[in-house]
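A.B. asks: Handing you this structure, nothing more for now.
The values are calculated or read from the model by the stated rules, or taken from the named source; none is laboratory data. Just so we're clear, the structure is a prediction, and the values are computed from it rather than from any experiment. Cβ atoms come from the backbone with ideal geometry, glycine included; neighbour counts cover every protein chain shown. For the accessible areas, the whole protein counts, side chains as well, though only heavy atoms, and no ligand, DNA or RNA atoms are used. Shrake-Rupley method; radii C 1.70, N 1.55, O 1.52, S 1.80 Å.
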Amino acid sequence: MFCSEQKPDDFILGITPADASLKLTEREVTTQAMKFGMDIINTLQEFLTDDKARNV
């Protein structure tokens, strides 16, 4: 298996759920990307900064 030693700069959240909100597992992945210092590109109608369940 090949793994790059470089960390990506961006995390693109390219999903379109019917209710336009993140599931718990999607929140966890997005939060982890934030902890790694990645820029988040969010295609949802809600702002990640308004997410009260986010613990960053």
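A.B. asks: Take the residues of region 37-48 that are out of contact with any Phe, Trp or Tyr (no Cβ under 7 Å at 6 or more places or on another chain) and surrounded by 14 or more Cβ atoms within 10 Å (Cβ to Cβ): which is modelled with the highest pLDDT?
C.D. replies: N42
A.B. asks: Can you name every residue in region 16-25 that is open to solvent by less than 50 Å² (accessible area, probe 1.4 Å) and on the phi < 0 side of the Ramachandran plot?
C.D. replies: Across region 16-25, the qualifying residues are P17, S21, L22.
A.B. asks: So which pairs qualify, if the first residue must be in region 9-34 and without any contact (Cβ under 8 Å) to a residue 24 or more places away in the chain, the second must be open to solvent by 80 Å² or more (accessible area, probe 1.4 Å), the Cβ gap must be under 6 Å, and the two must be at least 6 apart or on different chains?
C.D. replies: M34/V56
A.B. asks: Select from region 2-41 the residues that are outside any loop (DSSP other than H, G, I, E, B) and of a type in the set (G, A, S) and list them in ascending order.
C.D. replies: Of everything in region 2-41, just one residue is outside any loop (DSSP other than H, G, I, E, B) and of a type in the set (G, A, S), namely A33.
Conditions (1) modelled with pLDDT under 85; (2) surrounded by 14 or more Cβ atoms within 10 Å (Cβ to Cβ); (3) among the charged types (D, E, K, R), marked per residue:
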residue	(1), (2), (3)
F2	yes, no, no
D9	no, no, yes
Q32	no, no, no
K35	no, no, yes
D50	yes, no, yes
